[in-house]
Structures are given as C-alpha cells and as structure tokens.
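These notes concern the structure reproduced below.
The values are calculated or read from the model by the stated rules, or taken from the named source; none is laboratory data. Computed from a predicted structure; not experimentally measured. FYI the Cβ positions are ideal-geometry reconstructions off the backbone, even for glycines, and counts take in every protein chain you see. Heavy atoms of the whole protein, side chains included, go into the accessibility calculation; ligands, DNA and RNA do not. Shrake-Rupley method; radii C 1.70, N 1.55, O 1.52, S 1.80 Å.
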Amino acid sequence: MPLVKAGFVVLDCAEPEKLAVFYRELLEAEQTEATANRVEIRGADGTRLAFRRDMNATPPSWPRPENSLQAHLDFVVEDLDEAERRIVGLGGRPMDAKDAPGPYEERGYADPAGHSFTLRRVAPTAPKQG
C-alpha cells in the first residue's frame, strides 16, 4: 500500500474559489473538494490542482529577474490560438516572453491571480528513416 495517496500542485492566492473556476474551465476539470480555505480540482487527464487561500499572496513578477519564476504549470495543447482565445476569455492574459528555442512552440500566460503557466505544442516530426 503506497504511503502517498495523491499529489497536487497547490497555488496560493487570495480567492481560491475564483482561481479554481479559471482552471476548472481551462482544463475541463471537476471540483473534487472544497473547504473554506482550499479548493481541489482534477482534470480529465488526471491533472490535480489545489488553490489555497493566502490573503498575503503576491504573484511572481516573472520575467523580471528581481522576483524570478520559481515554478510554473505546463500544459500541452493541439491549437495554441484556440487555447489562447479561451484563456483570455476566462480572465487570463498573455505574457511577453521570447519563444523558447527547440522543437516546441510555446506561449506564456498568467492566470487571473498572476501565476504563470505555459502552453506548448509539440512540433510534428517526420517518421524515422531507415
């Protein structure tokens, strides 16, 4: 029997109920638990997030170096433009950052509480030859 029953990425914020709605809609998730200070959701793919009330929470200032990014969420999507429209419609915002080099097309965003996250699409690859 495993010692750890479940794992969550927890985002501190002033209004966990509102932030949970943003991610629940974005991930087409279900709310699995809610208390006065915490809301948990689970996406169809199994992603588990929780939002914890912290009245003193301040969003990171990434990409400014004085308060550098310490952690962020990464989501894989098929259509970056469609996902961006949905994020903005839910109250998120695009972040100005350079495109990452390499085989991925990526875009950075902030949720309504200011936490950063990335959408990425794996570039199509040609089948192996030979």
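Looking for something over 17 Å from G114 (Cβ atoms), open to solvent by less than 60 Å² (accessible area, probe 1.4 Å) and without any contact (Cβ under 8 Å) to a residue 12 or more places away in the chain - is there at least one such residue anywhere in region 18-31? Scanning region 18-31 turns up no residue that is over 17 Å from G114 (Cβ atoms), open to solvent by less than 60 Å² (accessible area, probe 1.4 Å) and without any contact (Cβ under 8 Å) to a residue 12 or more places away in the chain. In region 44-103, of all residues being basic (K, R) and more than 16 Å from R120 (Cα to Cα), the one that is modelled with the lowest pLDDT corresponds to R64. Taken over region 106-121, the criterion of being modelled with pLDDT of 90 or more and of a type in the set (S, T, Y) is satisfied by Y109 alone.
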